[in-house]
Structures are given as C-alpha cells and as structure tokens.
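Accompanying notes for the structure given below.
The values are calculated or read from the model by the stated rules, or taken from the named source; none is laboratory data. All of these numbers come straight from a predicted model, not from anything done at the bench. Methodologically, a virtual Cβ is constructed for each residue, glycine included, from the backbone with ideal geometry; neighbour enumeration extends over all protein chains shown. For the accessible areas, the whole protein counts, side chains as well, though only heavy atoms, and no ligand, DNA or RNA atoms are used. Shrake-Rupley method; radii C 1.70, N 1.55, O 1.52, S 1.80 Å.
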Amino acid sequence: MMSTLRTVALWLERRLHLTKLWNQTAGHPVPASTGSWFYTFGSMTLTCFCIQILTGIFLAMSYVPSAAESYHSLELLNYSIPLGWVLRGIHYWGSTCMVIVMMLHMTQVFLWGAYKYPRELTWISGCILLFVTLGLAFSGQVMRFDTDAYWGVGIGASVAGRIPIIGEALVHILLGGPIIGSDALSRFFSLHVFILPGALLAFVSLHLRLVLGKGINEQPKPGVLVKRETYDKHYSEIIKREGVPFVPAAINKDIVANGILILVIVGLALFVGPNGPGTPADPTIQIADAKPDTPFLWLFACAALLPNGSEPWLFFVFPLVASLLLFLLPFITNEGEKHWRRRPVAVAIVILSYLGIGLLTYEAITGPWSPQMDAWSGLPIKAEYVKGRTPLELQGAVVFQDMQCRNCHAIAGEGGHRGPDLTQVATRMTNPQLVRQVIQGGGNMPAFGKNLSPEQTRALVAYLCSLHPPNVPPAREAVGVLKPIGETQPTPSPTPGNVAVRGEK
Amino acid sequence: MNFSWPSILLYTCCAGSLLAISGCDQLPGKPKESDRWIAPDAIKDFKQLFGTNCSACHGDDAAIGPSLSVQNPFYLAIVPKDVLKKLIAEGVKGTAMPGFAKANGGDLADEQIDILVNNLAGKAATQQTSGSGKTSSENLPPYSASPGDTDRGSEAYNQYCAGCHGQAGNGGKKAGSIVDPDYLHLVSDQYLRSIIIAGRPELGMPNYQEFVKNHPMSPEDIANVVAWLASHRHGASEANAAVSPTATVSSQ
C-alpha cells in the first residue's frame, strides 16, 4: 500500500517537479527576523481577497445585475435565502477589512523602508493593487444600487468627467448613457466581477513573484544604509546567515494573525450584519442621506467640509498628485536609511495621514450634514419649546416647520444638523440679526426672503426670540421690539408693541 | 509561541462551530424586518402616517404641536368627514397647512388620506360612544358658520376671553395677544372658530363650554367673537372671507 502511494507520488514529482516548486515558493528562505507580527499584514490582505472571491462567487449566484431586480435580489439574500445575510455580511466586512489591512501593510512596508532598492517594482505593483482594490470596493458599493450607491456613481462620474480630453467619453462608457440606470449597473457589475478581480489576480501574481524574486525585506537596523552597489551581496549574506524556509519556520504568526482576521470578519458579519440595502435608487427622489462605504468616508467628509467650488481640487488634482507621489516614492528615496527611527519625515507622514483620514472618517460618521428630510412634518418640537408661547410665537413655530427650517436646524437636539442647533438662539442673536439671517441666509443657509411674507418673518423671528433658557436673558434688543424689516420688505411695518411677550404685561 | 497544523485545524473548527452553534438566525447582525425599506406609498399604518406627516405641527398622543391638535375630541366631534378629507388633501390656502394629495404637490396617495380621515373619524366615534366625553351630551355648535356681528363680538370677548387674553385682546397674565395683526394674518377664520370651540387644553386654553362655569358659549357668541377678532386683521374691512385674504404665500 505505502509503496504504491510512493510510486504515484514519485511519478507525479517527476512530471510536475513539485519539490522544486515548493522550495522556490512556500519553502523559499527568508531572514529569520521577518517572522514578526509586523510582517503578517501582507498575507492577511491575501486572505481577505480569497474570502472576497469565495463569498463573491456565492453572491453572484443570487444577485441580478439589473436596475429593476438587483434590489429585490439583495432583499432575498437578506430575508429569505438561509444565511444569505451572513454571506452578504462577510463580503461587506471582508471588503472593509481588506482595505484597512492593505493600508496597514503599506504603512509597514513604508516605515520599514522595504520599497527601496531593489524592491521598487514590488512597491509599484502594490500601489496598483491598492487602486484595483479601491476600485473593487467602489464598484461593490454600486452593486447595492441604493441611494448610497447612487451618490457614489454620481461622484465617480464627476471625477471621471474631469479628466481632460477623454473625460466625457469615459463617463459615457462607464454609465452607458446619460442617466444612471441598468446600463450603468451592468457595466459596474462586469467591472466588479470580471475585470477588476482579474486584474487583481494578475497583479497579485506579479507582486508575489517579485516578493519571491527579490526576497522579503530584512528587519532594518538603524545606521545600516542601503546602497545599490552592495545591497544584493548584503542580502544574500543575511539569507546565508539566518535564512529559514518560510514554511514552516516563519509562517506561524501569519497563521495566527489570519485566524484572528477571519474570526473578526465573521464576527462582524454575524454581530453587526450586512450593510443595507438602504432606500432604493430612484432618480426622481432627492438624495438626502446618502453616504459612501467606509473606505471613501474621508473623501465624503472632505467634500462636505471644504468650501463650494473646491471639488475639482478634491476629486481631480489631489488624487492625481497623491497617486503620482505614491508611485514614484521608490525613486524619490531609493537608497539610504531604512529604519524608521532615523526617518522622522516618514514617521511624520504616516502619523499625519492616519490622523487626517481617521479624523475625517470620524467626522463623516458622526457629522450629520445631510438634512433630515421629514423633520418639518414628522418631528414634533418638545413641549417645553411650545408651551408658554404667545399665539404669534406659536404661529412662528408653525412657519418654522412649514419652511422646513427644522430639516437643517435642531431644537433641543432634535432635527437636522446642517445648521446650528437653535435651542438657545435668542441668547446669541438679537431680533434684527435674526431677521437678517432668515431673509438673507448666509453660510450654507439659503435666503428665505422671497419665500416669506413679512407676517411670516415676524412670527418666525418672534418664535426664535423665545428660544432662551428662563434664567438667561435673550440677547439685547431681542425681546418685544420688532424693528421694521429693511428694504427687502415692501409691506407696511408692524406697529411696535403689538407683539405680546408673556411676563411683560 | 509555536503553532502547528493541528492549531490551524483548531482555529477553523472554532470559526465553523461559532457559525453553527450560533444558530445564526438569532444573532444581532441578521437584518430585521423592521429595518426593511418600505415605499412611502405602501405605509398603511395610521400612527406612522400621522406621525411622519402631521405630528410636527399638530402634535400627537405624545407631543404638543404649535398648531391646533386635530385629535382634540371636541374638534373631531364637530368636523364633518368630507371637510376633513378636503382639508388634508388640499390644505388651507394662505396658511402653513399644506395640501397632502399628490394632485396638490403632496406626498400622500388618496388611499393614505382615507386612512387618516377614517381613523380620525373613528376616534371621534369611540370618544362619543364611550360616553366619557362631554362631546356627546351637549348640542355642539356647528363646525362652520359665517362670522357674526363685530360689536356683539366685542362684548362676548369681554365676557369669555378677556380674563386670560387681556382687556383689549392684547394679552394678559395667562395668555398672549390674539389681536396681533401678524398672528391674525397667518390663520384663517375657520381656525379661530375651531380653536374657540375645541380649545387648546394642552396649552391651558379651555374649550367653549369651560370659559364660564356652567355657561357654554352660544353658537352666535362664537361667530361674533370670530368676527371681532377678524376685524383686527390688516385690510380686514376689504374682505371677510373664511380664509385670511391678505395671505400671500401659497402653502409649501
């Protein structure tokens, strides 16, 4: 029995040269010092990719890439197909984790100076992998085809449209027409399941080939400089001195890290669940609360925080410059110090990028810039901000709702947060200031002058003037004195003193 | 630390059994039916319809609205069903009450408006049959009537209202001005009438039976007070329509 097995194995070996393949790949020698937790992010990224392919194949069995049915097929997965939601959850969290782990991998490579001579191409192929992965995350979000997806496609199209010369044609190719519909969805579908995964496979192969060919970067030591003339010899000495086969000697920590990663992804899928689908995409419904998926949240925050008109910079110039710098990095600093302790600029860049992206993402998650579209009719004002008001002030509160101020402004914390909370607005603004703000708008607030009659304006401002805590007096001039409203108001001015304020009598 | 193939197996088993043991369907990650998106047109629940479309201005069981509570038992007892439907569908022109029918730029399907009307009318019915309310025992004043006599309205005002709203209507200790031209410009005569009959108990304004003890306001007094109030509007002499004539802004 054993001998037959042996014969078969040998027969195969003679034809496939498996031992040689093994020795060149899994068994290739690496510096022993690389068996470190910091070197596990690369394999974790690969694991994520495998998870995505696996779950993606199963998702594709149920998903229908058409505008009319995609939404329904996701609902089927969520609610009807057994464990369909787990599959969606794993695919969603796998994608998020893949981007995060990939970022950690890049950071490690950057801080360890691994991109320097002779591993320039490894870095560049890695950068390509980053962009392909982001493309996958982006096109994957489009698959949901809800309002978030719509927002994404809209932004994507406007970015592509800014590319000189080919921009318009590119948008047309991407969307398959002037509107975002079935054509756009099927294009993004083939991007997401054929083109980009194919590209990723190809570049992963190249990337691994380069890793094997040029060897894994040794743990840098402060003061040991990379020189083009001597490095290759230096590296082969390290391998000779402390080289161990990757499997089984250096892979242990990778296995543990990947096990944890899988547990985290499955755990997130089981306990947090899949994302959406949210409100279905519908070109006739105004998109109010769309947000992109996690990897793009920081861009979303930028778009919301930067002043109007900066979009061309944000969505075209900045990505172009940033990616150019990224790709050219190995040529900008090709030699020299590798250890992060001797590279303060590199450390600063990492800290700043993480801080920036982290803060922006946090802002995007917590900052509800989107107006709350049904607050005007569906969100009552807390009783204490209604009670004790005069009839005029009560009508002012009605105007406040009717003009949909509430969609952008909270009272007592409830309502939209586009504009400031107005719970105590009377303590910081006087009556004329309030009138000006309402009539002329300003900042990101529209001007309401044309939509409000003088009576509505006075009622509204009377109500706003009543918004102050009982023990804090309103801003001076604010109470009871209604000045004639400026030139914008052609109608007769009110008789001062007509406005009754409780407690004055 | 030294991990071997058995430990890999262990890990996979852990992950696998985690999936299996959990029964999955009870886990918090499972999408809930309640999170499922419902087309706005498909909402058929009265509470939800009223909550999202009306409560911000009219309040509901839990909240006080700046405008009259349309669930006030006196109001529901007097308002005819067809008028209610027309009000919701078309709104009140010249006031902040928008029309909710699609034909009037609103978001509600006819069926949904019927749900609102039927449920509100249904509330009125249960309030009456339950017998607890004073709404059934008394002869209620009619929902609408043309405004009465201004001078007699002034007298009636002094009798029923001045105690709270002040001698000239300019506001008193217990309540604010109701003769402010801006205020009057923003509300219709019918609204004033509804308020006098139904009161605003949530704000401390009694209904028509309670202003003077054991002496409910007569329908004539109500119409006269409405006329007297309306006479304080700017340009009130020109027109005395049921809807404030000077209103300029179309609803919504």
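Since residue B:143 meets every condition but one in (1) within 14 Å of chain A (Cβ to nearest Cβ); (2) under 16 Å from residue B:226 (Cα atoms); (3) within 17 Å of the chain's Cα centre (by Cα); (4) surrounded by fewer than 21 Cβ atoms within 10 Å (Cβ to Cβ), which condition does it not meet?
Answer for residue B:143: the failing condition is (1).
Taking the residues in region A:360-377 that are open to solvent by less than 20 Å² (accessible area, probe 1.4 Å) and outside any loop (DSSP other than H, G, I, E, B) as candidates, determine which candidate is nearest to the other protein chains (Cβ to nearest Cβ).
Among those residues, the one meeting the criterion is A:377.
Please go through (1) out of contact with any Gly (no Cβ under 9 Å at 6 or more places or on another chain); (2) among the aromatic types (Phe, Trp, Tyr); (3) open to solvent by less than 30 Å² (accessible area, probe 1.4 Å) for residue A:49 and return the number of the only condition it doesn't satisfy.
Going through the list (1) out of contact with any Gly (no Cβ under 9 Å at 6 or more places or on another chain); (2) among the aromatic types (Phe, Trp, Tyr); (3) open to solvent by less than 30 Å² (accessible area, probe 1.4 Å), residue A:49 breaks only (1).
Which one of B:129, B:135 is open to solvent by less than 20 Å² (accessible area, probe 1.4 Å) and at pLDDT below 90?
When all the criteria are applied, what remains is B:135.
Might you let me know whether region A:204-222 holds any residue that is open to solvent by 60 Å² or more (accessible area, probe 1.4 Å), modelled with pLDDT under 90 and not hydrophobic (A, V, I, L, M, F, W, C)?
No, every residue in region A:204-222 fails to be open to solvent by 60 Å² or more (accessible area, probe 1.4 Å), modelled with pLDDT under 90 and not hydrophobic (A, V, I, L, M, F, W, C).
Exactly one of these conditions fails for residue A:113: (1) in a helix (DSSP H, G or I); (2) of a type outside the set (A, V, I, L, M); (3) in contact (Cβ under 8 Å) with a residue 40 or more places away in the chain. Give me its number.
Here residue A:113 meets the rest and fails (1).
Looking only at residues in region A:400-459 that are under 29 Å from the mean Cα position of the chain (by Cα) and of a type in the set (S, T, N, Q), which one is nearest to residue A:366 (Cα to Cα)?
Across region A:400-459, the extreme among qualifying residues is A:407.
Would you check if residue B:157 is in a loop (DSSP other than H, G, I, E, B), touching a residue at least 12 places away in the same chain (Cβ under 8 Å) and more than 12 Å from every other protein chain (Cβ to nearest Cβ)?
Against the criterion (in a loop (DSSP other than H, G, I, E, B), touching a residue at least 12 places away in the same chain (Cβ under 8 Å) and more than 12 Å from every other protein chain (Cβ to nearest Cβ)), residue B:157 does not qualify.
For region B:52-72, give me each residue that is at pLDDT below 90 and either part of a helix (DSSP H, G or I) or among the hydrophobic types (A, V, I, L, M, F, W, C) (or both).
Across region B:52-72, the qualifying residues are B:52, B:62, B:63.
Conditions: (1) under 23 Å from the mean Cα position of the chain (by Cα); (2) more than 14 Å from chain B (Cβ to nearest Cβ); (3) open to solvent by 30 Å² or more (accessible area, probe 1.4 Å). Residue A:56 meets all but one. Number of the miss?
Only one criterion in (1) under 23 Å from the mean Cα position of the chain (by Cα); (2) more than 14 Å from chain B (Cβ to nearest Cβ); (3) open to solvent by 30 Å² or more (accessible area, probe 1.4 Å) is unmet by residue A:56, namely (3).
Here are some residues: A:486, A:497. Which one is within 13 Å of chain B (Cβ to nearest Cβ) and at pLDDT below 90?
Only one candidate passes the filter, namely A:497.
Return the pairs, sorted by first residue and then second, in which the second residue is part of a helix (DSSP H, G or I) and surrounded by fewer than 23 Cβ atoms within 10 Å (Cβ to Cβ), the first residue lies in region A:385-396 and is within 7 Å of chain B (Cβ to nearest Cβ) and of a type in the set (Val, Ile, Thr), the beta carbons are less than 9 Å apart, and the residues are 6+ apart or on different chains.
That search, which allows pairs on different chains as well, returns A:386/B:202; A:386/B:203.
Taking only region B:178-215 into account, find how many residues are touching a Ser or Thr at 6+ places or on another chain (Cβ under 9 Å), closer than 18 Å to residue B:70 by Cβ and without any contact (Cβ under 8 Å) to a residue 60 or more places away in the chain.
Total meeting the criteria: 2.
Which residue pairs have Cβ atoms closer than 9 Å, lie 6 or more positions apart in sequence or on different chains, and pair a first residue in region B:164-177 that is in contact (Cβ under 8 Å) with a residue 60 or more places away in the chain with a second residue that is among the polar types (S, T, N, Q)?
B:169/B:177
If I filter region A:169-199 down to residues being in contact (Cβ under 8 Å) with a residue 60 or more places away in the chain and not in a helix (DSSP H, G or I), which single residue comes out as nearest to residue A:153 (Cα to Cα)?
A:180
Residue B:77 - would you say it is of a type outside the set (D, E, K, R), farther than 26 Å from residue A:382 by Cα and surrounded by 20 or more Cβ atoms within 10 Å (Cβ to Cβ)?
So residue B:77 passes the test.
Checking residue B:37 against (1) facing chain A (nearest Cβ under 8 Å); (2) assigned to a helix (DSSP H, G or I); (3) at pLDDT below 90, which test does it fail?
With (1) facing chain A (nearest Cβ under 8 Å); (2) assigned to a helix (DSSP H, G or I); (3) at pLDDT below 90 applied to residue B:37, the lone miss is (2).
Keeping to region A:450-467, report how many residues are under 20 Å from residue A:392 (Cβ atoms) and either of a type outside the set (A, V, I, L, M) or at pLDDT below 90 (or both).
The total comes to 10.
Name, by its number, the condition in (1) within 30 Å of residue B:184 (Cβ to Cβ); (2) more than 12 Å from the chain's Cα centre (by Cα); (3) more than 12 Å from every other protein chain (Cβ to nearest Cβ) that does not hold for residue B:71.
So residue B:71 meets the others, but not (2).
Filter region B:178-192 down to residues that are assigned to a helix (DSSP H, G or I) and among the charged types (D, E, K, R) and give me whichever is surrounded by the most Cβ atoms within 10 Å (Cβ to Cβ).
Residue satisfying both the conditions and the ranking: B:182.
Tally up the residues in region A:378-397 that are open to solvent by 10 Å² or more (accessible area, probe 1.4 Å) and closer than 30 Å to residue B:173 by Cβ, please.
Going through region A:378-397 one residue at a time, the tally reaches 12.
If you scan region A:295-317, which residues turn out to be of a type in the set (Gly, Ala, Ser) and in contact with a helix residue (DSSP H, G or I) (Cβ under 9 Å, 6 or more places away or on another chain)?
Within region A:295-317, A:301, A:303, A:304, A:310 meet the criteria.
Might you let me know whether region A:67-88 holds any residue that is within 30 Å of residue A:346 (Cα to Cα) and open to solvent by 10 Å² or more (accessible area, probe 1.4 Å)?
no
Residues that are in contact (Cβ under 8 Å) with a residue 12 or more places away in the chain, in the same structural domain as residue A:32 (by TED's automatic domain parsing), under 23 Å from residue A:131 (Cα atoms) and β-branched (Val, Ile, Thr): does region A:283-294 have at least one?
Yes, region A:283-294 contains a residue that is in contact (Cβ under 8 Å) with a residue 12 or more places away in the chain, in the same structural domain as residue A:32 (by TED's automatic domain parsing), under 23 Å from residue A:131 (Cα atoms) and β-branched (Val, Ile, Thr).
Looking at region A:447-464, is at least one residue open to solvent by 30 Å² or more (accessible area, probe 1.4 Å) and within 8 Å of chain B (Cβ to nearest Cβ)?
Looking through region A:447-464, at least one residue is open to solvent by 30 Å² or more (accessible area, probe 1.4 Å) and within 8 Å of chain B (Cβ to nearest Cβ).
Filter region A:112-141 for residues that are open to solvent by less than 30 Å² (accessible area, probe 1.4 Å) and either among the aliphatic types (A, V, I, L, M) or touching an Asp or Glu at 6+ places or on another chain (Cβ under 6 Å) (or both) and give the result.
A:114, A:129, A:130, A:132, A:136, A:137, A:141
Report yes if some residue within region A:400-416 is touching a Leu at 6+ places or on another chain (Cβ under 6 Å), open to solvent by less than 50 Å² (accessible area, probe 1.4 Å) and away from chain B (no Cβ under 14 Å); otherwise report no.
Taking every residue of region A:400-416 in turn, none turns out to be touching a Leu at 6+ places or on another chain (Cβ under 6 Å), open to solvent by less than 50 Å² (accessible area, probe 1.4 Å) and away from chain B (no Cβ under 14 Å).
Which members of region A:414-427 meet the condition of being over 19 Å from residue A:378 (Cα atoms) and at pLDDT 90 or above?
Across region A:414-427, the qualifying residues are A:424, A:425, A:426, A:427.
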